[in-house]
Amino acid sequence: MDVFIQQLVNGVTLGGMYALIALGYTLVYGILLMINFAHAEMFMVGAYVGLFSLKFLSDPNWGAANIGLGAAQEFFTTSAIGLIIMFLIVFVFAGAMTGLLGMLIERVAYRPLRNAPRLAPLISAIGVSIFLQNAVLLWVDSKAIPFPDIFPVVNFGYGINSLKIFIVVTSIILLVGLDTLVSKTKMGKAMRATSQDRGAAALMGININSIIASTFFIGPALGAVAGIFHGMYYGAVIFNMGFFPGIKAFTAAVLGGIGNLRGAMLGGFMLGMIESLAAGFLSTGYKDVVAFAILIVVLIFRPGGLLGESIVEKV
């Protein structure tokens with residue numbers, strides 16, 4: 001029973017990260033019917049931005065201390081309020097920088113191909129993914145960089161600790177916030193209108209380019225938060241860290257229903273729990289096999305995913 005609870009806790013924690021990444025895939029697909037395979041590298045870039053931001057604000061050997069802000073570093077690292085403010089700054093900064101990068105990529109690599117055959121933006125996304133991965137490899141480091149270990153971890157038993165609680169609670173808050181944004185706000189209404197019919201939405205006065213750019217900001221920003229969580233959870237970041245979480249998050253989005261926000265959330269948590277339970281009761285070597293086998297079974301009986309709908313091709 002203890003093993004089951006521990007693996008379930010691990011699965012929920014992992015599922016929160018998958019869900020945050022999966023939302024980026026499903027947002028873009030919902031509006032453009034495009035799979036943004038460069039999104040996994042947004043996750044990786046966000047992790048690096050978060051790492052260097054955290055080191056800048058907390059490491060006395062470099063960063064803020066070298067420009068006369070040592071007192072600020074001491075405040076951030078020696079008090080609970082300072083720690084909360086520091087992590088808030090790191091999350092906001094990493095999310096903003098990664099979101100702006102997502103908007104730049106959309107403007108340069110995707111917008112010129114918006115009316116091209118569907119295969120063209122897909123190839124462009126793969127090219128952007130390879131470019132970003134190799135850019136970090138060449139410009140930063142090819143080796144794993146340890147993530148600053150400054151989050152106070154308190155164990156509560158059964159595999160539950162303060163870090164896992166922080167990841168799960170923050171993930172749920174962001175997921176609920178995004179769902180509220182899309183379903184309750186004027187911007188969300190514009191996003192839903194653009195998703196249903198871009199031409200009609202434009203005729204109604206909606207700035208299509210702005211809505212799509214906003215989508216490419218929100219998705220990578222959430223991916224950046226997931227990247228920071230990944231670095232905190234596993235203790236390091238590396239240039240190719242986005243590949244497997246990206247594939248798993250895409251799988252989660254398909255499992256829940258690609259294009260459906262709540263489906264992506266459900267798929268993320270389900271996939272995380274399936275993986276962890278398979279690793280705990282079978283073998284770590286079988287966790288991916290079990291996860292993808294369940295995905296195949298779901299798609300056989302429900303091709304649109306658990307909460308998705310069949311897409312009618314418009315002519």
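Quick note: the coordinates plus some simple rules give every number you see, no bench work behind them. Just so it is clear, the structure is predicted and the values come from calculations on it, not from any experiment. Methodologically, a virtual Cβ is constructed for each residue, glycine included, from the backbone with ideal geometry; neighbour enumeration extends over all protein chains shown.
Here are a few things to note about the model shown:
- Cβ-defined net charge surrounding Leu271, 12 Å radius [Lys, Arg +1; Asp, Glu -1]: 0
- With a cut-off of 13 Å between beta carbons, the residues surrounding Leu8 carry a summed charge of -1, where Lys and Arg count +1 and Asp and Glu -1.
- Computed about its Cα centre, the charge dipole of segment 2-301 is approximately 900 debye, with only Lys, Arg, Asp and Glu carrying charge at their Cβ.
- Electrostatic tally near Met191: other residues with Cβ closer than 13 Å to its Cβ, Lys and Arg +1, Asp and Glu -1, net +3.
- Between Asn207, Ile274, Phe52, the Cα set farthest toward the positive side of the dipole of the chain (charges on each charged residue's Cβ, about the Cα centre) is that of Asn207.
- Global form of the chain, assessed from the alpha-carbon gyration tensor, a/c cut-off 1.5: oblate
- Here r is the Cβ-Cβ distance between Leu138 and Val108 and R0 is 30 Å; the resulting FRET efficiency, rounded to 0.05, is 0.95.
- Label-zone membership for segment 134-149, site Ala236, 7 angstrom Cα→C-beta point, backbone N under 15 Å: 141-149
- Thr185-Asp149 pseudo-label distance in nm [points 7 Å out on the Cα-to-Cβ vector]: 3.8 nm
- Net dipole in debye of segment 104-202 [+1 Lys, Arg Cβ; -1 Asp, Glu Cβ; about Cα centre; nearest 20]: 520 debye
- Ranked by how many other beta carbons lie within 10 Å on average, peptides 275-284, 48-57, 92-101 from highest: 48-57, 92-101, 275-284
- Other-chain or far-sequence residues with amide H under 5 Å of Val237's (modelled H): Ile145, Phe147
- Rounded, prolate or oblate (a/c below 1.5 giving rounded, otherwise prolate when a/b exceeds b/c) for segment 103-198 by Cα gyration tensor: oblate
- Taking a ≥ b ≥ c as the square roots of the Cα gyration tensor eigenvalues, segment 167-206 comes out prolate, since a/c reaches at least 1.5 and a/b is larger than b/c.
- In the chain, the calculated helix contribution to ellipticity at 222 nm averages -24000 deg cm²/dmol per residue, counting -39,500 (n - 2.57) for every DSSP H run with n ≥ 4.
- Label zone (Leu33, point 7 Å along Cα-to-C-beta; backbone nitrogen cut-off 19 Å) within segment 83-118: 110-118.
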